[in-house]
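Here's the structure we're looking at; comments come further down.
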Amino acid sequence: QVQLVESGGGLVRAGGSLRLSCAASGSIFAINGMGWSRQAPGKQRELVAHITSIGTTDYADSVKGRFTISRDNAKNMVYLQMDSLKPEDTAVYYCKMGIKARMVGAEALYWGQGTQVTVSS
């Protein structure tokens, strides 16, 4: 059984910063891609940032230059540093990881429970 637990959400004023963390625990052999998605009220979930197992990153156009994704493979964690936050960044943020529980077997996609980020104007 694998669990992802997020932390770091909250309320911040426009222009401020927050850092989200996500820790994976349980039966883990290897973690490939890690990422963050978000879902605002009435909108579809959208990918915000992604990082591969070798550290290659990709960002949604709306957050490029403001958000930074990073990972700590030794701790099975992924982070999202969010700077210059805007009210339109308000959403529930979800982490996700592609995890292999065993050396032989398929990778499965796991999601965290979500953490609320609210940016006031």
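The values are calculated or read from the model by the stated rules, or taken from the named source; none is laboratory data. On a predicted model such as this, the values are computed, not experimentally measured, just so you know. In case anyone asks, the SASA skips ligands and DNA or RNA and just uses the protein heavy atoms, side chains included. Shrake-Rupley method; radii C 1.70, N 1.55, O 1.52, S 1.80 Å.
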Inset, instruction - Check the chain and count each lysine pair with an alpha-carbon distance under 22 angstrom, considering only pairs eight or more places apart or from different chains. - result: 7
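Give me the 1.4 Å probe accessible area per residue for segment 46-121, excluding ligands and nucleic acids, in Å².
On the way: 3980 Å² over 76 residues.
I get 52 Å² per residue for this part.
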Inset, instruction - Search the structure for amide H atoms under 5 Å from the amide H of Asp58, placed 1.01 Å from N in the peptide plane, and list their residues when 5 or more places away or on another chain. - result: His50
Inset, instruction - Can you give me the three principal axis dimensions of segment 27-78 from its C-alpha atoms, in Å, biggest first? - result: 36, 26, 13
